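Novice: Dropping a structure here in structure tokens format, bear with me for questions.
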Amino acid sequence: MKSIRLYLIMSLLAAVTLGNFVAAVYGYKSSMAETEALLDNQLADTAAIMQTMRPGTHRVSLPPSERLAFQIWTADQRLVQRSENSSQTPITRLEEGYRDENFEGYRWRVLSQFDADASLWLMVAERIDIRIDLADDIILRALLPIIISLPLIAAIVWLVVGNGLSLVSKLAKELREKRADDLTRLGTVNPPVELVPVVDAINGLLHRLDASIKRERRFSSDAAHELRTPISALKVHVHNLRKQFPDNNEDLRVLDRDLGRLSHLIEQIMLLYRTSPEHYQASMRSINLSDLARSVIAELYSDVDARGQTISLSGTSQTIIGDEDSLRIMLANLIQNASKYSPEGASITVSVDKEELGIWLGVKDTGPGIPLTEINQVFDRFRRVGGDRHGSTVDGCGLGLSIVKHIASLHHANISLQNNEDGPGLTVSVFFPADLHVFMGTGRNSP
């Protein structure tokens, strides 16, 4: 069953049509029986009128008609009078009552009566086909309003069913317009009895989801705090051990590096969790993307400069609707990746520009790029080009681009990677649609 509306309309129309058909058949049969009785009474009235004309002594004269025929016979079976459309032989036997007879090529309804005063047999006949046509015409005229009313009934059923199901549509619309971070109860007031279990079930689900997400957020916060504390303590111990052992102690160097990698991994996991669309609390507002890029570049400039690299910002000043904190994280990840995986002396270019369909943000480096076979897989969590140990010897956990992709999805933006055509390196492009304010400004349909 694909459509409740169609199912209800077809079922109700079928029931109404069947009911009207049964009523019509019953009405036809009963009306036909009543019409037959009425026409038989008319035959009896005609015979009575003929009897008052004293057919034995006067000529009986009836208006010419193809519908009626008559004969008058004496008791000794001698024909006294007849209509022009009757034969010279008796049209029925000389017995009183109604009968169906055949003569003159038609089927007739015949009434035979004996006039004891005149000692005559009166026979009056009426063509059955004309009687049937007359009865059908009367009955069809009575049934015609019922037939004509069926389209009207169908329209009424359509409107009534549609109006009843409009409440379901309103409920669906309210659910569609709910933001992903809005887990409050539905605002449906006084729902119909049939929808109460559905509304209660949805509200119960929203309550459970809200409680579950709050528990996960508390866990994220507690885990981040609990994990940072022992790592910080270990770093202090490593620092103290350096005073007791030579600076070139390989074990301490490996331990320090692994602690840094572990700290980075924990920070990235916590960041990935917080920027996931189902957990992130976005605060959308108007942001100058160029100014934001300039601010992030200033924050990271010392790290880039320490590797002898150059970084520049090009393009024009462009404004979008977005969440500043998450966009700052996205830009920082892209610039840090470009710096880490590019050799010393490389150049990084951050571009912000306007295109026909939206705003374009690009981060271009002059590093080794990414093999075409892996360029569509680097957005997967914990996925690193070349495996756990990248060829650049840079430590990483494979979460940076996953975080970037999550943030792009928060803004309904498209992200793509492309190896440079004019030389070595990679360009990461983030495209913000021109109608971004439709998604973000209304507070609806945002992830």
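Novice: When the residues of segment 101-159 are filtered to those that are surrounded by 13 or more Cβ atoms within 10 Å (Cβ to Cβ) and among the basic types (Lys, Arg), which remaining residue is nearest to the chain's Cα centre (by Cα)?
Specialist: Only one residue fits best here, namely Arg131.
Novice: I've got another one for you. Given (1) outside any strand (DSSP E or B); (2) within 22 Å of Glu36 (Cβ to Cβ), where does Arg109 come up short, assuming only one miss?
Specialist: (1)
Novice: Evaluate the following for Met50: is it of a type in the set (A, V, I, L, M, F, W, C), in the same structural domain as Gly97 (by TED's automatic domain parsing) and touching a strand residue (DSSP E or B) at 6+ places or on another chain (Cβ under 8 Å)?
Specialist: So Met50 fits the description; yes.
Novice: Give segment 338-364 a look and list any residue that's buried (at least 19 other Cβ atoms within 10 Å of the Cβ), more than 12 Å from Gly425 (Cα to Cα) and over 38 Å from the mean Cα position of the chain (by Cα), or say none.
Specialist: Val350, Val352
Novice: If you check every pair at least six apart or on different chains, which have Cβ atoms under 8 Å apart with a residue in segment 92-106 that is more than 22 Å from Ser119 (Cβ to Cβ) first and a residue that is surrounded by fewer than 13 Cβ atoms within 10 Å (Cβ to Cβ) second?
Specialist: Filtered contacts from segment 92-106: Phe103/Ser87; Glu104/Ser87; Tyr106/Asp129.
Novice: Can I ask one more? Test of understanding: among Val363, Val404, Val385, Val352, which residue is assigned to a loop (DSSP other than H, G, I, E, B), of a type in the set (A, V, I, L, M, F, W, C) and either modelled with pLDDT under 85 or under 18 Å from Ile297 (Cα atoms) (or both)?
Specialist: Of Val363, Val404, Val385, Val352, the one residue that is assigned to a loop (DSSP other than H, G, I, E, B), of a type in the set (A, V, I, L, M, F, W, C) and either modelled with pLDDT under 85 or under 18 Å from Ile297 (Cα atoms) (or both) is Val385.
Novice: Okay, moving on. For segment 1-18, which residues satisfy the criterion of being assigned to a helix (DSSP H, G or I) and without any contact (Cβ under 8 Å) to a residue 40 or more places away in the chain? Give the derivation first.
Specialist: Initially, segment 1-18 is screened for residues assigned to a helix (DSSP H, G or I), giving 4-18.
Residues satisfying the conditions are Leu6, Tyr7, Met10, Ser11, Ala14, Ala15, Leu18.
Novice: Name the residue, out of Gly97, Gly105, that is among the small types (Gly, Ala, Ser) and touching a strand residue (DSSP E or B) at 6+ places or on another chain (Cβ under 8 Å).
Specialist: Gly97
Novice: From Ser351, Ser317, Ser326, which residue is of a type in the set (S, T, N, Q) and closer than 17 Å to His412 by Cβ? Break it down stepwise before answering.
Specialist: Details: Ser351 fails: closer than 17 Å to His412 by Cβ; Ser317 fails: closer than 17 Å to His412 by Cβ.
From the options Ser351, Ser317, Ser326, the qualifying one is Ser326.
Novice: If you take the residues in segment 59-100 that are among the hydroxyl-bearing types (Ser, Thr, Tyr), at pLDDT 85 or above and not in a strand (DSSP E or B), which one is surrounded by the most Cβ atoms within 10 Å (Cβ to Cβ)?
Specialist: Residue satisfying both the conditions and the ranking: Thr92.
Novice: Name the one entry in Leu152, Leu171 that is under 30 Å from Val199 (Cβ atoms), part of a helix (DSSP H, G or I) and not assigned by TED's automatic domain parsing to the domain that holds Ala24.
Specialist: Step by step, each of Leu152, Leu171 is checked, and only Leu171 is under 30 Å from Val199 (Cβ atoms), part of a helix (DSSP H, G or I) and not assigned by TED's automatic domain parsing to the domain that holds Ala24.
Novice: Then there is this: Tell me, which residue of segment 160-191 that is closer than 19 Å to Leu205 by Cα and of a type in the set (Gly, Ala, Ser) is surrounded by the most Cβ atoms within 10 Å (Cβ to Cβ)?
Specialist: Among residues in segment 160-191 that are closer than 19 Å to Leu205 by Cα and of a type in the set (Gly, Ala, Ser), the one surrounded by the most Cβ atoms within 10 Å (Cβ to Cβ) is Ala180.
Novice: Which count do you get for residues in segment 304-337 that are at pLDDT 90 or above and closer than 15 Å to Thr427 by Cα?
Specialist: Selection size over segment 304-337: 7.
Novice: Does segment 272-290 contain at least one residue that is modelled with pLDDT of 70 or more, in a helix (DSSP H, G or I), in contact with a strand residue (DSSP E or B) (Cβ under 9 Å, 6 or more places away or on another chain) and crowded, with 16+ Cβ neighbours inside 10 Å?
Specialist: yes
Novice: If you go through segment 416-431, how many residues are surrounded by fewer than 18 Cβ atoms within 10 Å (Cβ to Cβ) and not in a strand (DSSP E or B)?
Specialist: 5
Novice: Here's another thing I want to ask about it. Any residue that is more than 30 Å from Ala413 (Cβ to Cβ), in a helix (DSSP H, G or I) and either at pLDDT 75 or above or touching an Asp or Glu at 6+ places or on another chain (Cβ under 8 Å) (or both) - is there at least one of those in segment 179-192?
Specialist: no
The values are calculated or read from the model by the stated rules, or taken from the named source; none is laboratory data. Because the structure is a prediction, the values reported are computed rather than measured. Backbone-built Cβ (ideal geometry, glycine too); neighbour counts: all protein chains shown.
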